[in-house]
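Shown next, in structure tokens, is the structure this report addresses.
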Amino acid sequence: MNLASILAFIITAHFAVSPSSAAFAPPDNYLINCGSVETTTVDNRDFKGDSSSPGSAFLSAAGSSSIAVQNPNSYPGLSDLYRTARVFTSVSRYEFGVTKNGTHMVRLHFFAFNSQKHDLGLAQFNVSVNGYPILSGFSVDRTKNGKIKEFFVNVQDVKVVVVFTPLGRLGIAFVNAIEVISAPDELIADGAQLVRTSGPENYVGLRSKILETLHRINVGGAKITPFNDTLWRDWIPDEEFLVVKNAAKRVSRSTPPNYEQGGATRETAPDQVYITAQVMNMADVISSALFNISWVFPLSPDNSRYFVRMHFCDFVSTMPHQLYFNVYINNYSAIADLDLSAVTFNSLATPYYKDFVVDSNSLNSIRVSVGPSSLSIPGKVNAILNGLEIMRIMNNDGLGSQGGSKKKRTWILVGAILGGFFFICFVVLAFLLMGKCMKKEKPKQKPAESSAWSPLTVRGSSYTKVSEGTTTASLAHNLGLKISFAEIQYATNSFDKKLIIGSGGFGMVFKGVLQDGTEVAVKRGVPGSRQGLPEFQTEITVLSKIRHRHLVSLIGYCEEQSEMILVYEFMEKGALKSHLYGTGMPPLSWKQRLEICIGSARGLHYLHTGSAQGIIHRDVKSTNILLDENYVAKVADFGLSRAGPCLDETHVSTGVKGSFGYLDPEYFKRQQLTDKSDVYSFGVVLFEVLCARPAIDPLLSREQVNLAEWAMLWQKRGMLEQIVDPFLTGKIKTDSLRKFGDTATKCLADYGVDRPTMGDVLWNLEYALQLQETGMSREPHEDSSTNATEIPVPVLIPRIPSTTVRIDEDNTDQSSSDMSTSKVFSQLITSEGR
Ligand code: ADP
């Protein structure tokens with residue numbers, strides 16, 4: 001080995017292992033281990049205990065207490081930070097002096113353990129920073145891992161004040177550790193490129209916003225822990241988010257990148273992010289087809305904007321100007337013909353990053369793609385991505401100095417007074433108008449006005465034919481399902497924000513009360529938008545045909561004034577998911593959970609095989625299983641599987657609908673829809689019910705992110721009980737758990753043919769309930785091999801009279817012969833129907 005290579009080796013080893021050379025020294029650096037008496041060193045960082053001096057100086061919390069994990073051995077690998085927590089029973093605060101104004105990273109660590117005094121899994125609370133709410137109605141799942149919430153806050157004040165406000169039945173809040181650290185000045189720039197249909201625009205004002213980190217990804221590389229990161233961040237691998245794994249190939253380099261020319265520093269992202277990447281997997285390119293590598297990142301539904309930072313470093317090219325590619329976000333062009341060597345002054349292996357701001361979309365996800373451009377050179381690598389960060393932009397205008405918050409309060413007051421005034425005027429007006437309408441019996445309506453969005457034309461869809469020159473009204477004529485807009489306004493207090501009970505792919509959901517006193521849920525499509533029109537019609541067509549105890553009933557719909565509104569029976573206890581985790585609601589017993597699974601299985605079985613026959617739900621998930629006041633489960637959301645923005649031809653066009661974490665892999669690969677896709681998704685729901693955790697939890701370690709994979713792993717090991725909701729520990733009879741686990745596992749078989757029918761699933765779940773109730777086993781021959789013909793007949797409520805509209809034959813014929821059948825209809829046809 002010559003001297004040069006020895007030197008290269010030393011440099012490489014140094015950079016790869018220790019990022020701390022010329023490490024960033026934050027002017028403010030507060031690390032607190034809450035509930036602890038001592039200072040705890042984690043990853044070379046000292047977290048001061050807040051139960052004694054000096055850590056206690058930051059805390060003012062009358063009546064708070066510190067609690068500790070009683071048996072740390074039951075949480076192998078538990079970070080020392082998570083062994084204690086501080087519990088607050090009244091509004092409490094930590095205050096940290098600020099030596100230098102500017103962006104600060106605020107990290108809050110939560111680990112919901114159960115001590116003799118408190119079950120932290122049931123705590124529910126708000127958290128604010130300098131008066132701005134950063135967590136509202138927050139609760140933490142009782143998982144075996146900690147959860148870190150990270151925020152970037154631009155502090156223009158003498159201190160950072162973190163306030164915890166307990167809520168809910170228990171009235172407790174908690175936290176396990178707090179970090180308040182100055183970020184480098186240049187880390188968050190004020191401007192970014194706004195990505196939209198209308199072409200790129202500039203977004204300014206980022207610096208004054210609070211950003212909440214949602215995803216931080218080391219693309220093509222391994223997990224990076226705070227120990228190895230220049231700003232003590234976590235980065236996770238990208239594989240889980242890759243849409244088509246084969247489209248991408250991991251590449252890496254062993255020497256550090258050179259930071260000189262690209263604008264990025266080692267604080268922007270550490271070496272390990274820039275020296276690993278995913279590139280196009282050329283071997284899988286079908287010569288004639290252009291395609292992209294895409295990643296999809298789930299978001300919780302809200303109307304936020306998101307900050308997206310993409311990290312690039314071209315260490316694959318051997319000379320400048322070899323690599324040209326396009327970058328897309330949510331299928332909009334973000335950068336066309338990107339030549340990394342051009343933006344890094346002809347240098348290679350140079351880190352570069354680009355910031356974007358995107359609007360939220362109806363899919364509650366962000367899709368990032370890189371792919372070849374028309375300038376790509378054949379035979380060369382034609383797209384690369386090294387890292388990615390996604391943050392929610394919080395709407396915190398007015399935050400900051402005391403003056404700022406005073407100003408904010410004044411505006412809120414003025415807003416409230418004006419709002420109240422307009423609201424009263426509006427209500428008076430609405431009553432006057434309603435009185436008028438009622439006197440005139442039915443409002444005079446120009447024929448064309450009955451549907452502002454007709455005639456209905458859905459691209460390439462057999463629907464066009466059904467609906468040409470018609471409206472939804474004529475599809476579902478004489479059903480008495482039409483409800484006037486005025487009635488819906490009355491029912492929802494003119495779509496009063498206070499009555500919002502959820503939001504989904506179609507739009508907001510409001511609670512309402514009709515004039516006859518019936519409580520309803522009102523789903524309103526985005527007013528004036530045609531998006532969701534086919535789903536709207538499907539929902540009416542499908543639901544007006546069927547009634548079943550375990551399917552949510554459609555009470556009516558409204559299509560006046562360009563509105564698309566669906567009115568359903570009100571399900572008092574809301575979505576199943578909210579009873580499993582994340583809301584602090586009291587946990588369901590095992591029997592309740594089994595009954596809910598059985599009810600939903602009945603509903604789905606009826607959809608597949610009952611008199612409505614041949615309906616595939618296509619979006620089975622725990623938010624689409626709703627519970628009535630008696631916890632009776634009903635399946636909801638038949639036609640509203642969400643349509644994404646149109647993909648252009650250069651994209652990997654999957655046409656696949658459904659929700660992240662629940663998608664049948666076979667449907668995904670082959671795009672052939674069968675009722676077994678619902679069975680797969682239902683299998684995921686079964687594990688969700690058993691383990692009380694989400695189908696996808698990106699904050700968990702890599703092997704745990706995807707529930708289906710994680711549960712199958714433990715099932716294979718024969719130790720499923722290890723991941724069961726801790727609340728159920730010791731409460732499920734062994735046989736019942738075994739039957740349930742086997743059933744869920746079978747639902748998750750790779751191929752549809754190997755999965756049971758919904759009928760089988762139903763039978764097995766009933767058996768699991770019986771095993772729980774009586775502890776009785778049936779004879780082996782009576783076990784799961786039973787086929788669907790033996791299942792109990794679903795309980796049916798009488799169907800709507802025969803005037804019920806069916807999908808007319810003409811239309812059905814076309815849909816089965818037309819290869820470009822509307823996505824909507826493909827949802828209605830089982831494999832047998834094809
Ligand atoms: P998604 O598009 O995500 O499936 P939906 O639009 O169907 O969501 O519903 C969003 C949320 O609104 C649900 O998770 C649930 O909390 C609430 N919701 C929907 N329908 C009803 C109903 N009939 N009764 C009570 N709550 C409902």
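For the pair Q671 and Q722, the difference between a 0.36 nm per residue extended length and the Cα-Cα distance amounts to 14.9 nm. Pairs of Cα atoms nearer than 8 Å and 6+ residues apart set the relative contact order; for the stretch 569-622 it is 24 percent.
Ordered by the count of other Cβ atoms within 10 Å of each Cβ, fewest first, W590, W235 give W590, W235. The shape of the stretch 213-304 comes out oblate: with a ≥ b ≥ c from the C-alpha gyration tensor, a/c is at least 1.5 while a/b does not beat b/c.
Assign one of three labels to the stretch 245-385, namely rounded, prolate or oblate, based on the Cα gyration tensor with a ≥ b ≥ c the square roots of its eigenvalues; rounded applies when a/c is under 1.5, prolate when it is not and a/b is larger than b/c, and oblate otherwise. Oblate shape, in that a/c is at least 1.5 and b/c is the bigger or equal ratio. For the peptides 374-381, 760-767, 224-231, residues were scored by their other Cβ atoms within 10 Å and the scores averaged per peptide; the highest-first order is 760-767, 224-231, 374-381. Here is the result for the stretch 682-743: no GluC sites (Glu not before Pro) lie in DSSP coil with at most 11 other C-beta atoms within 10 angstrom of their C-beta. Summed over all non-identical Cα pairs, the Kirkwood treatment of the stretch 532-613 gives a radius of 14.8 Å.
Given the C-alpha centroids of the stretch 712-730 and the stretch 166-225, what is the distance between them in whole angstrom? The stretch 712-730 and the stretch 166-225 have Cα centres spaced 34 Å from each other. Measuring from centroid to centroid over Cα atoms, what is the spacing of the stretch 229-249 and the stretch 564-620 in Å? Centre-to-centre distance over Cα atoms comes out at 33 Å.
Sorting L554, L299, L566 from the fewest to the most surrounding beta carbons within 10 angstrom yields L299, L554, L566.
Relative contact order of the stretch 173-243: 20 percent, from C-alpha pairs under 8 Å at least 6 residues apart in sequence. Fewest to most neighbouring Cβ within 10 Å: what's the order for S300, S92, S360? Lowest to highest Cβ neighbour count: S300, S360, S92.
Every number in this text was worked out from the coordinates using simple rules, so none of it is lab data. Since the model is a prediction, treat every value here as computed from it, not as a measurement. When we count neighbours, we look across all protein chains shown, and the Cβ atoms used for this are built from the backbone with ideal geometry, even at glycine.
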